[in-house]
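K.L.:
Starting off with a structure, shown below.
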Amino acid sequence: MATENKNLSEYDKTTIPNAKDFRFGIVVSEWNDTITEGLYKGAEAALLDCGTETENIIRWNVPGSFELTFGAKRMLEVKDVDCVIVIGSVIKGETMHFDFVCQGVTQGVKDLNVLYDTPVIFCVLTDDNMQQSIDRSGGKHGNKGTEAAIAAIKMAHLRTL
Ligand SMILES: Nc1c(NC[C@H](O)[C@H](O)[C@H](O)CO)[nH]c(=O)[nH]c1=O
Ligand SMILES: CC(=O)[C@@H](O)COP(=O)(O)O
């Protein structure tokens, strides 16, 4: 189902574990920061709404989405967290750089989920244009940051089983 048929901000709290005892790391790319800040705000609000303590949300920034993998890896190595969310916004330009940045961060995050026993949630928009990014970071399609936070809580819970 495409995003246009599913509002990214909708969730049913009765189906989500309480996040009171979980600690979350969030690594945020500074590229397209108007978008990534919107994604972060959505993620933070959802984590708090589902019981996360403010002091249990640890935020680091990195220069761009390609650096999200290293930022998440370092977070996993030095911080005691139950889940990491990586937040980025990649918008297509004139060259193939878009393809390689998207491929790099996608493969990198996948690798971290294989190599570490702490889940890393992929909250990276990969859009053709800025409007698509606006629509998915608090616009008409909701906020992918909210969706990522809910996924993070569910995966942090699954990790306890
Ligand atoms: N064009 C975008 C980038 N490019 C920068 C790379 O992510 C990386 O920081 C650079 O290649 C140095 O390693 N990053 C984004 O997050 N979004 C873009 O649209
Ligand atoms: C995703 C990118 O790196 C891209 O926005 C850079 O733009 P360009 O391909 O025009 O150099």
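K.L.:
Pull up the range 129-159, narrow it to residues that are among the charged types (D, E, K, R) and in contact with a Pro (Cβ under 8 Å, 6 or more places away or on another chain), then point me to the one that is farthest from ILE91 (Cα to Cα).
P.N.:
ARG159
K.L.:
Of (1) out of contact with any helix residue (DSSP H, G or I) (no Cβ under 8 Å at 6 or more places or on another chain); (2) part of a helix (DSSP H, G or I), ASP80 satisfies all except one. Which?
P.N.:
Condition not satisfied by ASP80: (2).
K.L.:
Only one of ASP33, ASP49 is away from ligand 1 (no atom under 12 Å from the Cβ) and among the charged types (D, E, K, R); which?
P.N.:
ASP49
K.L.:
Just for the range 60-75: of the residues that are out of contact with any helix residue (DSSP H, G or I) (no Cβ under 7 Å at 6 or more places or on another chain) and either closer than 11 Å to VAL27 by Cβ or at pLDDT below 95 (or both), which one is most open to solvent (accessible area, probe 1.4 Å)?
P.N.:
PHE70
K.L.:
Checking the structure you have, find out if any residue of the range 64-74 is in a strand (DSSP E or B) and over 12 Å from the mean Cα position of the chain (by Cα).
P.N.:
No, there is no match, as no residue in the range 64-74 is in a strand (DSSP E or B) and over 12 Å from the mean Cα position of the chain (by Cα).
K.L.:
Sticking with this structure for a sec: Six or more apart or on different chains, Cβ atoms under 8 Å: show the pairs whose first residue is in the range 77-93 and basic (Lys, Arg) and whose second is within 16 Å of ligand 2 (Cβ to nearest atom).
P.N.:
LYS92/PHE98; LYS92/ASP127; LYS92/ASP128; LYS92/ASN129
K.L.:
Every residue in the range 1-60 that is free of Cβ contacts under 8 Å to residues at least 40 places away in the same chain and among the hydrophobic types (A, V, I, L, M, F, W, C), please.
P.N.:
MET1, ALA2, LEU48, ILE57, ILE58, TRP60
K.L.:
Looking at ASN32, ASN18, ASN56, ASN7, which is the one that is exposed (fewer than 15 other Cβ atoms within 10 Å of the Cβ) and in contact with a strand residue (DSSP E or B) (Cβ under 7 Å, 6 or more places away or on another chain)?
P.N.:
The unique qualifying residue is ASN7.
K.L.:
Kindly provide the set of residues from the range 76-134 that are among the acidic types (Asp, Glu), away from ligand 2 (no atom under 16 Å from the Cβ) and open to solvent by 80 Å² or more (accessible area, probe 1.4 Å), ordered by number.
P.N.:
GLU77, ASP80, ASP117 - these are the residues of the range 76-134 that are among the acidic types (Asp, Glu), away from ligand 2 (no atom under 16 Å from the Cβ) and open to solvent by 80 Å² or more (accessible area, probe 1.4 Å).
K.L.:
Another question, if that's okay. I'd like the residue in the range 136-152 that is more than 12 Å from the chain's Cα centre (by Cα) and in contact (Cβ under 8 Å) with a residue 12 or more places away in the chain and, out of all such residues, is surrounded by the most Cβ atoms within 10 Å (Cβ to Cβ).
P.N.:
Ranking the qualifying residues of the range 136-152, first place goes to ARG136.
K.L.:
Now for a different question. State the number of residues belonging to the range 102-124 that are touching a Gly at 6+ places or on another chain (Cβ under 8 Å) and away from ligand 1 (no atom under 16 Å from the Cβ).
P.N.:
0
K.L.:
Still on this structure: Can you go through ASP99, ASP127 and tell me which one is over 15 Å from VAL27 (Cβ atoms), modelled with pLDDT of 95 or more, within 16 Å of ligand 1 (Cβ to nearest atom) and touching a helix residue (DSSP H, G or I) at 6+ places or on another chain (Cβ under 6 Å)?
P.N.:
ASP127
The values are calculated or read from the model by the stated rules, or taken from the named source; none is laboratory data. Just so we're clear, the structure is a prediction, and the values are computed from it rather than from any experiment. Note: ideal-geometry Cβ built from the backbone for every residue, glycine included; neighbour counts use all protein chains shown. Accessible surface is based on the protein model in full, side chains and every heavy atom, while ligands, DNA and RNA are left aside. Shrake-Rupley method; radii C 1.70, N 1.55, O 1.52, S 1.80 Å.
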